[in-house]
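What follows draws every value from the coordinates through simple rules; no lab data is involved. Predicted model, so just to flag it, every value in this text is computed and none were measured. Here the Cβ positions follow ideal geometry from the backbone for every residue, glycine too, while neighbour counts run over all protein chains shown.
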Amino acid sequence: MTNIFIKPIYYLIQESEKIRICDTLFIKKENVINILINKFDIDGLSRISKWISSYEEANVFAIQYSNRKKEDVVTEIENALSILSFSNLGYDKRSLCSRNPIMDKSDIIYNKLIVLSPDTKNGSKQEFLKGTIDSLYLDSRWKKFHQNNFWLKLIEIINKETSINDTWRNQLKKASIIAGKSQQVYDRIYAFLLNMITLEILLTQRNEKESIEIPKRINTLIGWHEQWSNDNYISKIQEIYDKRCKFVHEGDLNSITVNDLLFSDEIVFNVFNNLVNNIDIIQGIDDLKKLTEKVEAAELLKEKIGEINIRPPFVFVTREYSAKDKIGL
């Protein structure tokens, strides 16, 4: 038997009537009842309408038609929400988009603290938000940005509206969920690690040496840009991978900086942007490996026969962060 699961979503505002990600439909609050009209009588619709209205601060609801257990459905909605949060990457600065949207108001975490001052014989009981939170607006500005980049095309791939092999589709989906979770969390180190896992999923296969292959394959995708050599990107990529390893293997909590997190954001965005926008050429890591071999051969021959452009029409996008933008990250 197929049930209809309806979940309120907070801190999400969308202009379009609905957005589908995999089996989850995100729909505006005022349109929920419309899709149920042919499935329930007037009394049933009236009762459901009251339930919907009781979630006063939710503007959007997630809907799934499923015969699975409710726990599995909630996990699927959570994953779809992570993919939706992934649309923050590159669109907004990380400091402006932390931890939105969410499924439950109880997900908002507050630090509770008593602060005492012996000198003044005074004190206070304080409560302040852990991280930052604000609504994600899926408006015309958001849509225009993604029409010029990769996220909307990525959703077409994940929703099986674009024909590619299932293995690569699933890899892109898994990487999107993890990259989206990186955008949702307020912990700098955790967000950084999720970004690094995303790159490993997209760029390497089992039993490969990530510290060697990840920089090489990122070079294939963005190494053509002048900023690659001007800002010594190859060294920076090796450095953040070393920091990832030191944290995982040695528990080094101090070396991962805000700049490391923001740099990993930039790399994840550009890797996704070039992979998704060239999906007709790169449909898996094997295709990327072959292209990397051609790029390396061309670079070796450059001094003898000159520049050989064998890369597809890749792009590079970067975002500037001021000291103020980094506060709280």
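Points to keep in mind about this one:
- Comparing 219, 309, 79 in a Gaussian network model of the chain, where Cα atoms under 10 Å apart are tied by springs, the biggest mean-square fluctuation is seen for 309.
- Max-minus-min Cα coordinates of the range 141-283 on each principal axis give 43, 37, 32 Å, with the largest extent listed first.
- Set of lysines with alpha-carbon distance to residue 29 below 23 Å, sequence-local pairs under 8 removed: 7, 18, 39, 50, 70, 105, 143
- Of 93/144; 93/181; 125/181; 28/153; 246/294; 243/294, those spanning more than 25 Å from alpha-carbon to alpha-carbon: 125/181; 246/294; 243/294
- Sequence-distant aspartates and glutamates (8 or more away, or on other chains) whose Cα lies within less than 14 Å of residue 209: 200, 242
- Estimated D of the range 1-82 in µm² per second, where Rh is the Kirkwood radius over Cα pairs and Stokes-Einstein applies at 10 °C, 1.306 mPa s: 121 µm²/s
- Within the chain, DSSP assigns beta bridges of which about 85% are antiparallel (rounded to the nearest 5).
- The trypsin sites (Lys or Arg not before Pro) of the range 133-187 that DSSP puts in a loop, and whose beta carbon has at most 11 other beta carbons within 10 Å, are 160.
- Debye-formula intensities of the chain, expressed as log10 I(q)/I(0) at q = 0.07, 0.08, 0.10, 0.11 Å⁻¹, are -0.35, -0.45, -0.67, -0.79 (one equal scatterer per alpha-carbon, no solvent).
- Given their separation in residues at 0.36 nm each and the Cα-Cα distance between them, residue 29 and residue 238 gain 70.6 nm when the chain is fully extended.
- Annotation for the range 1-39: trypsin sites (Lys or Arg not before Pro) lying in DSSP loop with at most 12 further Cβ atoms inside 10 Å of their Cβ are 39.
- The charge dipole of the chain, taken about its Cα centre with unit charges on the Cβ atoms of Lys, Arg (+1), Asp and Glu (-1) only, comes to about 500 debye.
- Taking every DSSP helix (H) stretch of at least 4 residues in the chain, weighting each as -39,500 (n - 2.57) and dividing the sum by the residue count yields a mean residue ellipticity at 222 nm of -15500 deg cm²/dmol.
- Zone of residue 145's modelled label, taken as backbone nitrogen in the range 47-83 under 20 Å from a point 7 Å along Cα→Cβ: 60, 80-83
- Highest GNM mean-square fluctuation among 63, 218, 33, for the chain modelled with Cα contacts below 10 Å: 33.
- Per DSSP, loop GluC sites (Glu not before Pro) in the range 112-201 with at most 13 further Cβ within 10 Å: 161
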